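First the structure, in the form of structure tokens, and then the observations on it.
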Amino acid sequence: MGELKLINLADVQIEEIEWLWKPYIPKGKVTLVRGMPGEGKTMVLSSLVAALTNGDPLFNEEERHEPVSCIYQSAEDGLGDTIKPRLERGDAVQRKVWAINEDQDPLSFTDARIEEAIRDTGAGLMILDPLQAYLGANVDMYRPNEVRPVMTNLVNIAHRTHCAIVLVEHMNKVKGTSAITRGLGSMDITGAARSVLMIGKANDHSEEVYLAHVKSNLAPKGPTLVFTIEDKRAFCEGTAEFSADQLLGCEDVPAYQQTKSGTVEDALLGVFSDVDEVLSQQVYDFFGGNGISRRTVNSVKKKLGIHSVKRGDAWYWLRPDSIPPQRKNEGCNLVST
């Protein structure tokens, strides 16, 4: 048995929580990102890496940050044919992205190379995708007594290096249960994480991807974020007023989802309630004055099937057949010509 060592709380200094992306990803802690295959996890994470390496604002933020080096470890995607092209599309700074060579020696959570790599690169973020590939060959992810020590080791590495470690996790297929129980393996995996995020779609026909906060030990949960995926890149469009459980159908999802794209759609429907065409520049000016980008407006325009026509030097948007006339205007004060 080891020597008894006591710590008196009067001697412990209070440490402020620092954030890589508040309140979703804390520094020096383990974060889980879970979701079903093919529903946007890697797109959102690749876009996050691109923003971090450039020092760009993170999705729902407005202020720039100091550029951050990242380690992107994937057991499912190749560096040359998938990871690098994906990051290039997002304009990531390639010199700030690293990976540990596993050709001869597979990596695991208890591998000393994890901490060594974080310290050598000064990485502020390490992504391990998927987590079950890195638990270790002899670890049964459904046995708490086997999972607990390897997760504790990873938690300690994150704490010592002050690096945010993000584990990508596939979800189980047990429907009708809450988001907190949808991870694969022992609940000790979820218990070790200070933040758990879920990324996915509301249904098979949805074009939007949602990031919902499932668990947050260090701050109030962040709002659910809405993303569109264009050219393998994720763009944050705003927030949605429903939870991870509601996305999974465990609770009734509100009929109205307060997202930027939803707001634009309602407003454009209102614009065409009384007119058959509207000057495109007036549309852009109106939404721009309300903090909504041209890209978001054009995305909704395409979704609604709105076509353009040029008359002289000006472009006009025409009422699509999908928008019935005399629809009640929902508060948009745009005046058309």
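Which residues, taken from segment 177-201, are among the small types (Gly, Ala, Ser) and either closer than 21 Å to residue 45 by Cα or not assigned by TED's automatic domain parsing to the domain that holds residue 215 (or both)? Talk me through it step by step, then tell me what you get.
From segment 177-201, those among the small types (Gly, Ala, Ser) are 178-179, 183, 185-186, 191-193, 195, 200; that's our starting set.
Across segment 177-201, the qualifying residues are 179, 183, 192, 193, 195, 200.
Here is a check on your reading of the model: is residue 79 farther than 19 Å from residue 161 by Cβ, more than 20 Å from the chain's Cα centre (by Cα) and not small (Gly, Ala, Ser)? Step through it out loud before you land on a result.
Numbers: farther than 19 Å from residue 161 by Cβ: yes; more than 20 Å from the chain's Cα centre (by Cα): yes; not small (Gly, Ala, Ser): yes.
Criteria met by residue 79.
Residue-wise test of (1) small (Gly, Ala, Ser); (2) surrounded by 22 or more Cβ atoms within 10 Å (Cβ to Cβ); (3) in contact with a helix residue (DSSP H, G or I) (Cβ under 8 Å, 6 or more places away or on another chain).
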site: 2; (1), (2), (3): yes, no, no
site: 6; (1), (2), (3): no, no, no
site: 15; (1), (2), (3): no, no, no
site: 26; (1), (2), (3): no, yes, no
site: 33; (1), (2), (3): no, yes, yes
site: 63; (1), (2), (3): no, no, no
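Quick check on my filter: what residues within segment 29-52 are assigned to a loop (DSSP other than H, G, I, E, B) and over 20 Å from residue 154 (Cβ atoms)? It would help to see each step written out before you state the result.
First, pick out the residues of segment 29-52 that are assigned to a loop (DSSP other than H, G, I, E, B): 29, 36-40.
Across segment 29-52, the qualifying residues are 36, 37, 38, 39, 40.
Condition check ((1) under 29 Å from residue 203 (Cβ atoms); (2) crowded, with 20+ Cβ neighbours inside 10 Å) across all residues:
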{"residue": "37", "(1), (2)": "yes, no"}
{"residue": "45", "(1), (2)": "yes, yes"}
{"residue": "54", "(1), (2)": "no, no"}
{"residue": "60", "(1), (2)": "yes, no"}
{"residue": "70", "(1), (2)": "no, yes"}
{"residue": "77", "(1), (2)": "yes, no"}
{"residue": "84", "(1), (2)": "no, no"}
{"residue": "95", "(1), (2)": "no, no"}
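Please go through segment 182-202 and give me each residue that is farther than 14 Å from residue 218 by Cβ and hydroxyl-bearing (Ser, Thr, Tyr), ordered by number.
186, 190
Limited to segment 254-272, what total is found for residues that are surrounded by fewer than 17 Cβ atoms within 10 Å (Cβ to Cβ) and either modelled with pLDDT under 65 or touching a strand residue (DSSP E or B) at 6+ places or on another chain (Cβ under 6 Å) (or both)? Talk me through it step by step, then tell me what you get.
Residues of segment 254-272 surrounded by fewer than 17 Cβ atoms within 10 Å (Cβ to Cβ): 254-256, 258, 266.
Then keep just the ones that are either modelled with pLDDT under 65 or touching a strand residue (DSSP E or B) at 6+ places or on another chain (Cβ under 6 Å) (or both); that gives 254-256, 258.
Residues in segment 254-272 being surrounded by fewer than 17 Cβ atoms within 10 Å (Cβ to Cβ) and either modelled with pLDDT under 65 or touching a strand residue (DSSP E or B) at 6+ places or on another chain (Cβ under 6 Å) (or both): 4 in total.
Only one of these conditions is not met by residue 78: (1) more than 22 Å from residue 221 (Cα to Cα); (2) at pLDDT 95 or above; (3) not acidic (Asp, Glu). Which number is it?
Failed condition: (2).
Looking only at residues in segment 273-318 that are within 22 Å of residue 208 (Cα to Cα) and of a type in the set (Gly, Ala, Ser), which one is modelled with the lowest pLDDT?
By that ranking, first place goes to 291.
Every residue in segment 173-190 that is outside any loop (DSSP other than H, G, I, E, B) and in contact (Cβ under 8 Å) with a residue 24 or more places away in the chain, please. Give the steps one after another, and end with the answer.
Initial filter on segment 173-190 (outside any loop (DSSP other than H, G, I, E, B)): 179-181, 183, 187-190.
Within segment 173-190, 179, 180, 183, 187, 188, 189, 190 qualify.
The values are calculated or read from the model by the stated rules, or taken from the named source; none is laboratory data. This is a predicted model, so every value here is computed, not measured. Cβ sites come from the backbone with ideal geometry, for glycine too, and all protein chains shown count toward neighbours.
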